[in-house]
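These notes concern the structure reproduced below.
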Amino acid sequence: MENASEVLLLFAHPAFQKSRVNRALLQAAGQIPGIYIHDLYELYPDMLIDVQAEQSLLSRYSRIVWQHPFYWYSAPALLKQWFDLVLQHGWAYGHSGNALAGKKVMHVLTAGGPQTSYSREGGNRYSIPELTLPFRQTAALCQMEYLEPYVVYGAHKLNREEMTDKTNQYRLVLEEFQSTGAYNSAQSKMNEAGENNAR
Amino acid sequence: MHGEQYFLSAFIYLTAAVIAVPVAKKLGLGSVLGYLLAGMIIGPFVLGLVGKEGQDVMHFAEFGVVMMLFLVGLELKPSLLWSLRGPILGLGGSQVLLTTIVFFGAGLLYFAHWQNSLAIGLIFAMSSTAIVLQSLSEKNLTHTVAGKNAFAVLLFQDIAVIPILVVLPLLAVVSNTETSSHDSHGPAFLDNLPDWAQPFVVLAVIALIVVVALYLSRPIFRVIARTRMRELFTAISLLVVIGIALLMTKVGLSPALGTFLAGVVLANSEYRHELESDIEPFKGLLLGVFFISVGASINFELIIQDPIRIFSLVVALIFIKMIVLFILGRIFKMNIDHNLLFTFSLAQGGEFAFVLFSFANQNGVIEKTVSEPLVAAVALSMAMAPLLMTFNEKLLLPRIGTKEKTEPEADAIDEENPVIVAGFGRFGSIVGRLLMANGVRATFLDQDADHVEILRKLGFTVFYGDASRPDLLESAGASKAKILIIAIDDTEKITQIIEYCQKNFPDLKIFARARGRTEAYDLVNIGIQNVYRETFDTAVRMGSDVLHALGFRAHFARNAGSLFKRHDEKYLQKLAALRHDNKNYMNVVRQSRDDLDSLLSREIHEVNDLEDHNWDVEALRKPVDEEH
């Protein structure tokens, strides 16, 4: 049975013990009642994903978060493995694959570079919406609604104060997603822009 | 004395203890007060069940104090003792000095001879090691700042007894008639030596104890341990304590001090926990008897004759000591909580007072008529001590204190590791090495003396002993550790350990090794979740390597092995429950064969069902073609 007010947060970080920003974000998420954190690297240290368990977990939630660091314009290996194995033909996509239809996905990324680097002029040359196209299409093929990615830029350089801001903002965004199934990406983008201009 | 008489006395003492101590504990007063009350009740002045022989019993039971200091020493590594040198000399020294001066000054008002006052001052400076340490450890306060400082003061007092014994005869005011016949506390053997040689002999004896403890004890303990007879190790433990006590008495030193020293030297030994758990019950019992005999020795006749004088003496004794202690606590920068605990702990006369007063009588320093009320006052102050500590803890600290005192200090006397590994053999050692390689500190217990010796040399914290002994587990820190790893062979002992730990340390997580499937079932059925069959993982790994060697891709072979493992462990839990229903252990063998049968038939269907359909191009080809 789907539970509308609860959120499944799929988290992937191969070196969580060294992570700073993701740890803080995850802590903020953990404080919200009704958000279930599913820490993939903690569950499958040997990369052997229990496909059946994952599928039955997915079917219980209508709102899903993918949270991970943005490694080489993609996800850490285990989350990729998760896509490869769990999103089975005939279940997630294909002729009779409707198990995920109508679910909403919020994609949460932490990126080392600043927002300006994800532009034509910047070192990464493409924007985040462009670079995350494979995720968007994965969701689309599974008939899920893919929201604008939520990105924490400059993750290596955040000071303590900025970190607190980010986690507070993340908490608000998650709560909004939890209750409405969407979040105001424009609002959070404006915050980003404001901060960048201030610098 | 007839044997029957002995048994009767023992019966009375033990009955008193068994009744009084639980009652006192129930009332929150601590065991020490319970023993003291029991003594008063069976003593000559209330029930009269024990008579004057109470004094002899007390002398005998004083040996409990000696054992206690040995145990204290065992917990105190030389480096830790060295770090306590400041408090011992500074705090301890000034406590003895200041208290003596104050009592000396007060005594001058009452006594014609200044010698009397000085002797009384010195004797009153002592506190009761037995009562204080026992009470502090019962309240779990030994590792606090106050506890450590109190210990430092007590240690200095124990050392100070030696020069006091030397000085007292010089303070004689009446021509003494008994001087030539020293009692057992006098330096009997040394009297035959010239004066200049005496200090050398004393130093030589101390050096002898240190050298023997450092270099000879280990091979001797090892030989004893090899016999695998527990009572023999208890015998050698007692032998060590008694031997040192005897030697120290011969050269006129405090036996407690000698055993303390030996304890410190042995604190780094792998036999430490075994020694501890062997001596502990003797110490506890003897101390109990000691407290009872102190209670029994309180001279109520004297108190009834002149209650005002005795009680004003008691009040003066306690009050003056408290003031001195509190001022010192201030000077040594203890906060108010610690200072109050420190002050209230040490404000009583000590068991040394009995010894020193009788020594002073014999040497004509103090007359019996003078010393008797003083002895009564000391005994009463000792009986008051637990009450005062309870008063401080229950009534005073909650009002004044800052609540900080219950937090134990970070640099506790004993190292307490989060993991205990029972059995450091071919299995436990691998687990241990992995933990150590990742910076996890573990305490190891092993029963093979040779084994322990070698591992010690390699730098592991290994202790000799049988891990199924509750007391050994306890002294290895089972009450504070997070995880216990059981890697010993004897299944009966494994069950014993588990049952004991489940009952007494419910928070301790147990990871147990099982020889095979049958043993694993048993462990699962007594509630152990983390069960590891010793050959299972290796066999699976070999199986998947064989698959690889036969031409399967390495990745497939590895996953096949892992899935097999996951599947097998799932069924282990299930089948263990089935087995639990089957009460008939006669067909254990058939049962395990049936288990294997059912396992095999299931496996053929399930394990090959590898969960990677999405990578299976054959399965995908048709439907995908249809779609795109």
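The values are calculated or read from the model by the stated rules, or taken from the named source; none is laboratory data. All figures in this text were calculated on a predicted structure; none of them were measured in a lab. Cβ atoms come from the backbone with ideal geometry, glycine included; neighbour counts cover every protein chain shown.
Which residues, taken from the range A:89-102, are touching a residue at least 12 places away in the same chain (Cβ under 8 Å), surrounded by fewer than 21 Cβ atoms within 10 Å (Cβ to Cβ) and either within 14 Å of another protein chain (Cβ to nearest Cβ) or under 29 Å from B:N559 (Cβ atoms) (or both)?
Pass one, the range A:89-102, residues touching a residue at least 12 places away in the same chain (Cβ under 8 Å): A:91-93, A:97-102.
Still in the running and surrounded by fewer than 21 Cβ atoms within 10 Å (Cβ to Cβ): A:91, A:97-99, A:101-102.
Matches in the range A:89-102: A:W91, A:G97, A:N98, A:A99.
Under the condition of being small (G, A, S) and at pLDDT 85 or above, which residue from the range A:1-24 is nearest to A:E175 (Cα to Cα)? Please lay out each step first, then the result.
Taking the range A:1-24 first, the residues small (G, A, S) are A:4-5, A:12, A:15, A:19, A:24.
Now narrow it down to the ones that are at pLDDT 85 or above: A:12, A:15, A:19, A:24.
On the way: A:A12: 21, A:A15: 27, A:S19: 23, A:A24: 16 Å.
Taking the candidates together, the pick is A:A24.
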### Query
Taking into account only those residues within the range A:23-53 that are without any contact (Cβ under 8 Å) to a residue 40 or more places away in the chain, touching an Asp or Glu at 6+ places or on another chain (Cβ under 9 Å) and in a helix (DSSP H, G or I), which is nearest to A:T167 (Cα to Cα)?
A:L43
### Task
State all residues of the range A:141-173 that are more than 15 Å from A:A111 (Cβ to Cβ), touching a residue at least 12 places away in the same chain (Cβ under 8 Å) and not aliphatic (A, V, I, L, M); if no residue qualifies, say none.
A:C142, A:Q143, A:E145, A:Y146, A:T167, A:N168, A:Q169, A:R171
### Task
Quick one: in the range B:169-228, of everything that is at pLDDT 65 or above and aromatic (F, W, Y), which residue is surrounded by the fewest Cβ atoms within 10 Å (Cβ to Cβ)?
B:W196
### Message
One residue is enough: does the range B:95-108 have a residue meeting the conditions out of contact with any Lys or Arg (no Cβ under 8 Å at 6 or more places or on another chain) and outside any helix (DSSP H, G or I)?
### Response
no
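Here is a yes/no grid of residues against (1) β-branched (V, I, T); (2) within 27 Å of A:S5 (Cα to Cα); (3) at pLDDT 95 or above:
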site	(1), (2), (3)
A:C142	no, yes, yes
A:E162	no, no, no
A:Q169	no, yes, no
A:A198	no, no, no
### Search result, residues across the range B:486-528 that are more than 15 Å from B:D446 (Cα to Cα) and among the acidic types (D, E)
B:E492, B:E499, B:D507, B:E519, B:D522
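Residue by residue, here is whether (1) closer than 18 Å to A:V21 by Cβ; (2) within 14 Å of another protein chain (Cβ to nearest Cβ); (3) assigned to a helix (DSSP H, G or I) holds:
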| residue | (1), (2), (3) |
| --- | --- |
| A:L79 | yes, no, yes |
| A:F83 | no, yes, yes |
| A:V105 | no, no, no |
| A:G112 | yes, no, no |
| A:G122 | no, no, no |
| A:Y126 | no, no, no |
| A:T138 | no, yes, yes |
### Message
I'm told B:D278 meets every condition in (1) surrounded by fewer than 23 Cβ atoms within 10 Å (Cβ to Cβ); (2) charged (D, E, K, R); (3) touching a helix residue (DSSP H, G or I) at 6+ places or on another chain (Cβ under 8 Å) except one. Can you identify the failing condition by its number?
### Response
(1)
### Summary
Over the range A:63-77, the set of residues surrounded by 19 or more Cβ atoms within 10 Å (Cβ to Cβ) and over 15 Å from A:Q137 (Cα atoms) is A:R63, A:I64, A:V65, A:Q67, A:H68, A:P69, A:F70, A:P76
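For the range B:124-145, give me each residue that is more than 16 Å from B:A385 (Cα to Cα) and either within 12 Å of the chain's Cα centre (by Cα) or of a type in the set (A, V, I, L, M) (or both).
First pass over the range B:124-145, keeping only residues more than 16 Å from B:A385 (Cα to Cα): B:140, B:142-145.
Selection gives B:N140, B:T142, B:V145.
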### Query
Going by the conditions given, is A:V51 within 14 Å of chain B (Cβ to nearest Cβ), closer than 29 Å to B:N559 by Cα and aliphatic (A, V, I, L, M)?
yes
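Specify the residue that is nearest to the chain's Cα centre (by Cα); the eligible residues are those in the range A:85-103 that are assigned to a loop (DSSP other than H, G, I, E, B) and more than 22 Å from A:L147 (Cβ to Cβ). If you could, list the steps in order and put the result at the bottom.
So the first thing to find is which residues in the range A:85-103 are assigned to a loop (DSSP other than H, G, I, E, B), and the list is A:87-88, A:90-92, A:94-103.
After this cut, where a residue has to be more than 22 Å from A:L147 (Cβ to Cβ) as well, the list is A:88, A:90-91, A:94-96.
Numbers: A:Q88: 20, A:G90: 25, A:W91: 22, A:G94: 24, A:H95: 27, A:S96: 27 Å.
Among them, the one singled out is A:Q88.
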### Query
Restricting to the range B:46-67, what's the tally of residues that are at pLDDT 75 or above and either in contact with a His (Cβ under 8 Å, 6 or more places away or on another chain) or of a type outside the set (A, V, I, L, M) (or both)?
5
### Query
So which residues in the range B:233-248 are among the aliphatic types (A, V, I, L, M) and more than 17 Å from B:M68 (Cβ to Cβ), if there are any at all?
B:A235, B:I236, B:L239, B:L246, B:L247
### Task
For residues that are at positive phi and within 34 Å of the chain's Cα centre (by Cα), tally how many sit in the range B:504-561.
1
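Do the conditions hold for B:R309, that is, is it more than 30 Å from B:M40 (Cα to Cα) and among the basic types (K, R)? Show your work before the answer.
Working: more than 30 Å from B:M40 (Cα to Cα): no; among the basic types (K, R): yes.
Considered against the rule, which asks whether it is more than 30 Å from B:M40 (Cα to Cα) and among the basic types (K, R), B:R309 comes out as no.
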